[in-house]
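To keep things clear, I will list the structure first and then write my remarks on it.
Nothing in this text is a laboratory measurement; each read-out follows from the coordinates by a stated rule. What you see is a predicted model, and the numbers here were worked out from it, not measured in a lab. Note that we place each Cβ from the backbone using ideal geometry, even for glycine, and neighbour counts take in every protein chain shown.
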Amino acid sequence: MSYTFSWEPKGVYKQFSGVVTAAEYHRSQIEFTSHEKFDSAHYVINDFSDMERFVITPEEAEYMAAYSLGPHFANPTLRVGFVTTDAGMVGLIQGYNKISAFPLEIFPTLAAARKSLTTR
């Protein structure tokens, strides 16, 4: 597994490392959205700062965007953040943001993500 997953008082922190596949990222989505605490979560932080590469096809990105529709109905105010400074990842997230049910936010550091996402 290329990620760790931990519940925090108001949300979830997921840290990804190494080479991450779309299937692994999607597994982390399912783990989060199927949990009994999902409906009351305020945020999810996807920390990509230790990730070497993300392997995903356009079809997989579309599938994950479609998957986000159901959870969005259960928790429409969820804030979704990504920690990365990698230009390729920023571009991928910005493109995915156009089709995701949730607005996606990008932060250069974990501290910036926490400051923005955990204080509401």
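Give the residues of the range 46-75 that are in contact with a strand residue (DSSP E or B) (Cβ under 9 Å, 6 or more places away or on another chain), over 18 Å from I106 (Cβ atoms) and not in a strand (DSSP E or B), sorted by residue number. The one that is in contact with a strand residue (DSSP E or B) (Cβ under 9 Å, 6 or more places away or on another chain), over 18 Å from I106 (Cβ atoms) and not in a strand (DSSP E or B): E60. Under the condition of being assigned to a loop (DSSP other than H, G, I, E, B) and either closer than 17 Å to A101 by Cα or touching a residue at least 40 places away in the same chain (Cβ under 8 Å) (or both), the residues counted in the range 15-45 number 3.
Yes/no per residue for (1) within 16 Å of I93 (Cβ to Cβ); (2) surrounded by 12 or more Cβ atoms within 10 Å (Cβ to Cβ):
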| site | (1), (2) |
| --- | --- |
| K10 | no, yes |
| Y13 | no, yes |
| E24 | no, yes |
| F32 | no, yes |
| F48 | yes, yes |
| P58 | yes, no |
| G70 | no, no |
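Contact map, the range 108-120: first residue of a type in the set (D, E, K, R), second residue surrounded by 14 or more Cβ atoms within 10 Å (Cβ to Cβ), Cβ cut-off under 6 Å, separation 6 or more or different chains; the map is empty. For the range 78-106, the candidate set comprises residues that are in a helix (DSSP H, G or I) and touching a helix residue (DSSP H, G or I) at 6+ places or on another chain (Cβ under 9 Å); within that set, the residue that is nearest to I56 (Cα to Cα) is L92.
Residues checked against (1) among the hydroxyl-bearing types (S, T, Y); (2) touching a Leu at 6+ places or on another chain (Cβ under 8 Å); (3) crowded, with 18+ Cβ neighbours inside 10 Å; (4) more than 17 Å from A22 (Cα to Cα):
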position: E62; (1), (2), (3), (4): no, no, no, no
position: A65; (1), (2), (3), (4): no, no, no, no
position: F73; (1), (2), (3), (4): no, no, no, yes
position: P76; (1), (2), (3), (4): no, no, no, yes
position: L92; (1), (2), (3), (4): no, no, no, no
position: G95; (1), (2), (3), (4): no, no, no, no
position: K98; (1), (2), (3), (4): no, no, no, yes
position: F102; (1), (2), (3), (4): no, yes, yes, yes
position: T109; (1), (2), (3), (4): yes, no, no, yes
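If the condition is being within 14 Å of the chain's Cα centre (by Cα) and touching a residue at least 60 places away in the same chain (Cβ under 8 Å), then the range 1-14 contributes only G11.
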